[in-house]
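This report refers to the structure that appears directly beneath it.
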Amino acid sequence: MEAVKQGSAAIGLRSKTHVVLGCVNKANSELSSHQKKIFKVDDHIGVAIAGLTADGRVLSRYMRNECINYNFTYESPLPVGRLVVQLADKAQVCTQRSWKRPYGVGLLVAGLDESGAHLYYNCPSGNYFEYQAFAIGSRSQAAKTYLERRFENFADSSRDDLVKDALMAIRETLQGETLKSSICTVAVVGVGEPFHILDQETVQQIINAFEIVGEQEGPAAEPDAAAGQEAAAEQGGSTDEGVAPMDI
Amino acid sequence: MKPIGKHSLLGASGEISDFQEILRYLDELILYDNMWDDGNSLGPKEVHNYLTRVMYNRRNKFNPLWNSLVLGGVKKGQKYLGTVSMIGVNFEDNHVATGFGNHLARPILRQEWHENLSFEDGVRLLEKCMRVLLYRDRSAVNKLQIAKITEVGVTISQPYSLKTYWEFSAFENPAQGA
């Protein structure tokens, strides 16, 4: 859980038909490349991680295998809910065996199902919850607050509004740094839209579009706009009362 | 014929004991599916693919399940009809048959099937096919059941027989032209 809190932020939010994942990609130095934090698991499922990236990669590989195996046997996409439970059970084993250590990574799993769009959070303890919106990683509380104010509208948001909200939530975690497409990654999955990561240019265009609007509205409007979509209470010490069970 | 889960129906010809074995596999499959209790359920396409995998793997091990399976179902308004043979050949079509049905019934169905058959017309068409099979397949008996699958569920009729006419002159002395 600590490892997740130290990792750089990742956020997710969903409407009835789309789920958007976003994350902050800070490179260690100017010389190095960014770490990959969003993985495509299948056409209808993607995952954003926060914490030990190596553990995240291993779990993504597991998820991809499960999806492919299910698809081969049943010629049908694996329901996200089932994948998440399998993942959670895998994580739980590591908490009960003395010779193992827990996976040090929190996963935001976004996927499409027969029953609609879903966003789940899997934590190292083996718990998982479904969310309308959520943020994990360092300085995610700011994003969560932003999302909390806005999440009631997400169910009916359009896809583009959802992406905009995701970027604004990411901006909250940056604490004043300018939001550029080079430091963040956004991915979308939705009805009729397989999971894919938006390329830098598209993201920059969207940022430019709402930065201009933001300036016109004036700084006073920004706090309102920043309502976090993500359900809070994933991390300990949250100020919400019982919005979601504590993961301790 | 047996209903499978909420959405499908499986019919088989061939070795009945192998069919019973298949039903046991499917029982387990549906049981686990229900145990998830998460609003997702295995539809006819999934069951068909699962059966294809089973049949094909058994054939690869030179230990086939000696059945030809027909699987039909309706899920979320989508209709599905598919077949798997004992060697794992599988396909979907608007009309499928096993054994002699492939030779005798499918030509009739190709001529007379169309998208908008009503249930009664469908039954009549099937009975026509079954009658031909009854006359011409030496291993057929005059007892059949019709199963109906809709979004709501599956109903299988009671067994009944077809009216047949054996007074055709060709039947009276079959060896005449030989």
Inset, instruction - Identify the single condition in (1) farther than 17 Å from B:Thr98 by Cα; (2) over 17 Å from the mean Cα position of the chain (by Cα) that B:Arg136 does not satisfy, given that it satisfies every other one. - result: (1)
Inset, instruction - Mind listing just one residue for me: the one in region B:118-175 that is hydroxyl-bearing (Ser, Thr, Tyr) and more than 28 Å from B:Leu42 (Cα to Cα) and, of those, surrounded by the most Cβ atoms within 10 Å (Cβ to Cβ)? - result: B:Tyr135
Legend entry - Near pairs, Cβ below 8 angstrom, 6+ apart or cross-chain, from region A:47-67 (in a helix (DSSP H, G or I)) to any residue that is surrounded by 24 or more Cβ atoms within 10 Å (Cβ to Cβ) and of a type in the set (D, E, K, R): A:Thr53/A:Lys37; A:Gly56/A:Lys37
Inset, instruction - Check every one of the helices (runs of 4 or more DSSP H) wholly within region A:134-248 and list those with 2 or more residues that are of a type in the set (Val, Ile, Thr) and either modelled with pLDDT of 65 or more or in contact with a strand residue (DSSP E or B) (Cβ under 9 Å, 6 or more places away or on another chain) (or both). - result: A:159-173, A:200-217
Inset, instruction - Taking A:Gly81 as meeting all but one of (1) within 17 Å of A:Leu198 (Cα to Cα); (2) within 14 Å of another protein chain (Cβ to nearest Cβ); (3) among the small types (Gly, Ala, Ser), write down the number of the exception. - result: (1)
Inset, instruction - Answer yes or no: is there a residue in region B:57-70 that is within 14 Å of another protein chain (Cβ to nearest Cβ), out of contact with any Lys or Arg (no Cβ under 6 Å at 6 or more places or on another chain) and more than 20 Å from B:Ile146 (Cα to Cα). - result: yes
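From the list A:Gln132, A:Gln96, A:Gln86, A:Gln92, which one is touching a helix residue (DSSP H, G or I) at 6+ places or on another chain (Cβ under 9 Å) and away from chain B (no Cβ under 14 Å)? Show your work before the answer.
Values: A:Gln96 fails: touching a helix residue (DSSP H, G or I) at 6+ places or on another chain (Cβ under 9 Å); A:Gln86 fails: away from chain B (no Cβ under 14 Å); A:Gln92 fails: touching a helix residue (DSSP H, G or I) at 6+ places or on another chain (Cβ under 9 Å).
Every option except A:Gln132 fails the conditions.
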Legend entry - Only listed residue being at pLDDT 90 or above and in the same structural domain as B:Gly14 (by the TED database), chosen from B:Val132, B:Val123, B:Val84: B:Val84
Legend entry - Failed condition for B:Gly82, given (1) within 14 Å of chain A (Cβ to nearest Cβ); (2) buried (at least 19 other Cβ atoms within 10 Å of the Cβ); (3) more than 13 Å from the chain's Cα centre (by Cα): (3)
Legend entry - Answer residue from region B:35-48, given it is in a helix (DSSP H, G or I) and without any contact (Cβ under 8 Å) to a residue 24 or more places away in the chain and is nearest to the other protein chains (Cβ to nearest Cβ) among those: B:Glu46
Inset, instruction - Identify the residue in region A:79-131 that is of a type in the set (Asp, Glu) and in a strand (DSSP E or B) and, among all such residues, is surrounded by the fewest Cβ atoms within 10 Å (Cβ to Cβ). - result: A:Glu130
Legend entry - Any hit, region B:88-101, residues being under 25 Å from B:Trp166 (Cβ atoms), free of Cβ contacts under 8 Å to residues at least 24 places away in the same chain and not assigned by the TED database to the domain that holds B:Leu26: no
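The values are calculated or read from the model by the stated rules, or taken from the named source; none is laboratory data. Since this is a predicted model, take the numbers as computed values, not measurements. So basically every Cβ, Gly included, is an ideal-geometry build from the backbone, and we count neighbours across all protein chains shown.
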